[in-house]
Every structure is written in structure tokens, then in C-alpha cells.
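Here the structure is laid out as C-alpha cells; the discussion comes afterwards.
Please treat every number below as a calculation from the coordinates, not as lab data. These figures come from a predicted structure and were not determined experimentally. Every residue, glycine among them, receives a Cβ derived from its backbone with ideal geometry; neighbour counts consider all protein chains shown.
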Amino acid sequence: MSITTNEPTEQIKIEFLISAIEERQTIVHCSLWMSSNNGMRATPETFLIDKLNGKKYKILTALGIAFYPQWTRTYNEGYQNFTLIFEGLGGDCIMFDLIEESEDPSLFASFNILRNKTDVYNVRL
């Protein structure tokens with residue numbers, strides 16, 4: 001019997017991240033504390049929001065976490081790591097928020113993220 005997983009291989013992850021950087025997308029590596037036997041997912045209502053002008057940048061895809069309507073089950077309590085890929089931030093953006101604007105009771109949120117030259121970020125949710 002074989003087990004099939006939806007997790008991309010390390011090589012595919014690396015290639016995807018390189019293409020995301022080249023296409024001027026914004027990469028956010030996330031750590032989210034989860035209890036055991038729970039579920040997590042990314043939704044289309046997750047945005048990066050420019051603090052200066054309120055412009056919203058859409059999520060394009062997610063790695064290491066299911067995308068709505070599927071769920072990723074957590075078996076052990078602790079930080080779960082995943083990556084969210086967004087549209088590239090505008091040239092005048094200097095600070096932004098990561099916010100999930102859905103009805104889900106456990107929303108993603110990280111505030112006042114300072115822009116850097118690489119547009120690759122690490123946040124705890």
C-alpha cells in the first residue's frame with residue numbers, strides 16, 4: 001500500500017520560491033501555534049494591507065498548509081510552519097499588515113510588518 005501526500009518535494013518548493021522572488025511576489029514564512037488534533041488552512045480572504053494607503057495585495061498560493069476549502073490536520077501541539085505567497089507590494093509600501101478577513105474564528109493576523117529589500121518575511125501568528 002502506498003501513501004500519497006499533497007506536500008511538494010523540497011526541490012519543487014525551492015524552485016517555486018525562486019520564481020516567486022523573480023516575479024516580484026511577496027513571501028511570508030509563518031509560524032502558527034496549534035493544539036493537537038486541530039486543523040488549519042489558508043483562505044482567499046488573506047491579504048497584505050499597506051499601512052499607508054490601505055491597498056490590499058492578494059494571496060496567490062500557500063505551501064505547507066491546505067488552501068480553502070481543504071484543511072491541514074495538526075497531530076502534535078506546537079508551532080506549525082508554512083509559507084504564504086502574495087502579489088508583490090507596491091514600490092511606496094514601507095509597512096503592512098497580514099490579515100485574514102474571513103468568518104473563521106481563528107484568523108491569521110500580524111501587524112506593522114516593516115518592509116525589507118528582499119520582500120521575504122518571517123512572522124508568528
In the range 92-125, the GluC sites (Glu not before Pro) that fall in loop regions by DSSP, at most 14 other Cβ within 10 Å: E103
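Could you give the length gained by full extension between N76 and S35, i.e. 0.36 nm per residue of separation minus their alpha carbon distance, to one decimal place?
On the way: separation 41, 0.36 × 41 = 14.76 nm, distance 0.67 nm.
Gain in length upon complete extension: 14.1 nm.
Quick one: in the range 10-124, what % of C-alpha pairs are over 22 Å apart?
31
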Cβ-based exposure ranking for C30, C93, in which fewest neighbours within 10 Å come first: C93, C30
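Can you put F67, F47 in order of Cβ neighbours within 10 angstrom, beginning with the fewest? Spell out each step's value before the answer.
Details: F67 17, F47 20.
The most exposed by this proxy come first: F67, F47.
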Neighbour-count ranking [beta-carbon atoms within 10 angstrom, fewest first] of K55, K117: K117, K55
Cα pair count fraction exceeding 18 Å, expressed as % - the range 27-71: 38
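What is the sum of charges around A109, taking Lys and Arg as +1, Asp and Glu as -1, for the other residues whose C-beta is under 9 Å from the C-beta of A109?
Details: positive: none; negative: D97, E100.
Charge balance near A109 sits at -2.
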